[in-house]
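Here's the structure, in C-alpha cells; my notes come after.
Where a number appears in this text, it was derived from the coordinates with a stated rule and is not lab data. Bear in mind the structure is a predicted one, so any value in this text is a computation, not a measurement. In this analysis, Cβ positions are derived from the backbone assuming ideal geometry, glycine residues included, and neighbour counts consider all displayed protein chains.
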C-alpha cells in the first residue's frame, strides 16, 4: 500500500475538470431515471389489473418487476449519496480490529451475487471501520458478480496490509473512476458502487485498485491477537 499517493477521494481527471462533474451527475440521473420509470410503469399497470388478476401470474410478474426496479433505485441512491458525503468528509470513521471474515456478507445471493467462493487467511484482522469496510466489499462483490459470474474472494496479510482480492467478471482500472455518459464498460446495478468504494478505501486509510481484471482492496492490518468487537 503506497502512502505517498494523492489521498484526495477524487481522481484528478474528475476533480480538476468541473465539466466532468456535471457529466457524472448526468450519468447518475440517467441511471436512476430508468429503473424508476420501470417501477412507476409496473406499479401503475398492477393497479389497473382487475382485482381477481392481481394475485395471479400477471400480477405476480408486475409486482416482482416493480420490486427489482425499486431495489436498483435504492442501491444507486445509497451508493451515490454515500460518495457525496465522503467527498465532504461527512462520514464519521471509527477504526477497530475486526476479523476480515466478518466483513463478508452472510448471504451473497441477497445482494445479487449468484455464487461466492471465499478463502480468507485464518485469523486475518483489519484495523478498520467494520460497517464502512463491509459496504466497500459488498460493492466490489456486486460488480464482480454481474452476469451471474461466480465471484472468488481471497484475503491474506501482506506486510502491514490486509489484502482482499475480488475476482469475477473482469474489470479495467477505469471502472473505478466516476462514471460519465458514454462509458462503455458495463458495470450493472453496482455502477455507482465502485466510485463509492474507492472513496471508502481512502477514508479507511487504504487503497482500491484493479490488478489483472480483479479488484484489490488493501486495508491497514491489525496485529494478531488484537481485541475485536
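Cβ-Cβ distance of residue 29 and residue 110, R₀ of 22 Å, FRET efficiency by 1/(1 + (r/R0)^6): the value works out to about 0.20. The packing ranking, built from the mean of other Cβ atoms within 10 Å per residue, places the peptides 49-59, 201-211, 132-142, 114-124 in the order 132-142, 201-211, 114-124, 49-59, highest first. Net length available on complete extension from residue 54 to residue 84 is 6.8 nm, with 0.36 nm assigned per residue and the Cα-Cα distance removed.
For the peptides 83-90, 189-196, 173-180, the ranking by packing is 189-196, 173-180, 83-90, with the highest mean count of neighbouring Cβ atoms within 10 Å listed first. Between residue 121 and residue 93, the simple label model (points 7 Å from Cα in the Cβ direction) yields a spacing of 2.2 nm. Within the chain, antiparallel bridges make up roughly 80 percent of the DSSP beta bridges whose residues both belong there. For residue 41 and residue 154, the difference between the fully extended length at 0.36 nm per residue and the C-alpha to C-alpha distance is 36.5 nm.
Of interest is the spacing of the C-alpha centroids, which for the range 57-111 and the range 139-216 amounts to 15 Å. Considering helices alone, the calculated mean residue ellipticity of the chain at 222 nm is -13500 deg cm²/dmol, with DSSP H runs of length four and up weighted by -39500 (n - 2.57) and normalised per residue.
Remark: the residue 21-residue 180 segment gains 56.4 nm on full extension, using 0.36 nm per residue and subtracting the alpha carbon distance. Springs join every pair of Cα atoms under 10 Å in this Gaussian network model of the chain, and among 34, 20, 184 the largest mean-square fluctuation is at 184.
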